[in-house]
């Protein structure tokens with residue numbers, strides 16, 4: 001029997017550039033449950049002073065099941081998101097609740113970024129993702145390494161010519 005210590009994980013490194021907007025998605029099985037969940041989030045955001053808005057949104061969006069009744073809020077801060085949630089409660093409107101149907105045969109949630117190449121691209125496109133999203137940065141850095149021997153100019157200089165990206 002061989003017993004070994006698990007490999008150590010690299011320490012979490014917070015991005016030096018905060019994303020400008022955050023998306024909070026809440027969902028429930030019915031409208032009453034959604035209203036109750038919104039109320040809980042208003043209370044939580046009122047009392048919590050330590051958790052960052054990015055972490056709160058990430059946990060709500062990824063860590064919870066997605067049900068038919070949904071509410072999506074975009075905000076720059078905890079205060080703005082709390083204000084929008086409170087407004088939704090006080091107005092008791094469903095204008096910001098989007099209903100959807102569950103697709104049973106779709107078992108995986110995958111995200112793809114598509115840069116179409118049909119004239120809508122611009123210099124620096126995706127740079128904010130590169131600066132704020134570690135997974136995106138890791139993949140672009142990997143592509144940069146793969147293409148290094150094939151390009152006259154490094155990929156990062158082609159994608160982000162004016163930035164101060166460190167190789």
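The values are calculated or read from the model by the stated rules, or taken from the named source; none is laboratory data. Computed from a prediction, not measured in an experiment: that's the story for all the values here. Here Cβ is always computed from backbone atoms with ideal geometry, including for glycine, and neighbour counts include all displayed protein chains.
For segment 132-158: of the residues being at pLDDT below 90 and surrounded by 15 or more Cβ atoms within 10 Å (Cβ to Cβ), which is farthest from residue 20 (Cα to Cα)?
Per the criteria, the residue is 133.
What are the residue pairs meeting all of these: first residue in segment 1-21, first residue at positive phi, second residue at pLDDT 75 or above, Cβ atoms under 9 Å, and 6 or more apart or on different chains?
none
With (1) in contact with a strand residue (DSSP E or B) (Cβ under 9 Å, 6 or more places away or on another chain); (2) at pLDDT below 90 as the list, and residue 81 as the residue in question, which single condition is left unmet?
(2)
If the Cβ limit is 8 Å and pairs must be 6+ apart or interchain, which residue in segment 130-149 that is in contact (Cβ under 8 Å) with a residue 60 or more places away in the chain pairs with which residue that is not in a loop (DSSP other than H, G, I, E, B)?
From residues that are in contact (Cβ under 8 Å) with a residue 60 or more places away in the chain, the pairs are 131/137.
Is it the case that residue 25 is in contact with a helix residue (DSSP H, G or I) (Cβ under 8 Å, 6 or more places away or on another chain), touching a residue at least 40 places away in the same chain (Cβ under 8 Å) and either assigned to a strand (DSSP E or B) or not assigned by the TED database to the domain that holds residue 135 (or both)? Step through it out loud before you land on a result.
Numbers: in contact with a helix residue (DSSP H, G or I) (Cβ under 8 Å, 6 or more places away or on another chain): yes; touching a residue at least 40 places away in the same chain (Cβ under 8 Å): yes; either assigned to a strand (DSSP E or B) or not assigned by the TED database to the domain that holds residue 135 (or both): yes.
It is true that residue 25 is in contact with a helix residue (DSSP H, G or I) (Cβ under 8 Å, 6 or more places away or on another chain), touching a residue at least 40 places away in the same chain (Cβ under 8 Å) and either assigned to a strand (DSSP E or B) or not assigned by the TED database to the domain that holds residue 135 (or both).
What number of residues within segment 30-43 are over 16 Å from residue 75 (Cα atoms) and either out of contact with any strand residue (DSSP E or B) (no Cβ under 7 Å at 6 or more places or on another chain) or not assigned by the TED database to the domain that holds residue 61 (or both)?
Just the residues of segment 30-43 that are over 16 Å from residue 75 (Cα atoms), to begin with: 30-37, 39-40, 43.
Now narrow it down to the ones that are either out of contact with any strand residue (DSSP E or B) (no Cβ under 7 Å at 6 or more places or on another chain) or not assigned by the TED database to the domain that holds residue 61 (or both): 32-33, 35-36, 39-40, 43.
Residues that pass the stated criteria total 7.
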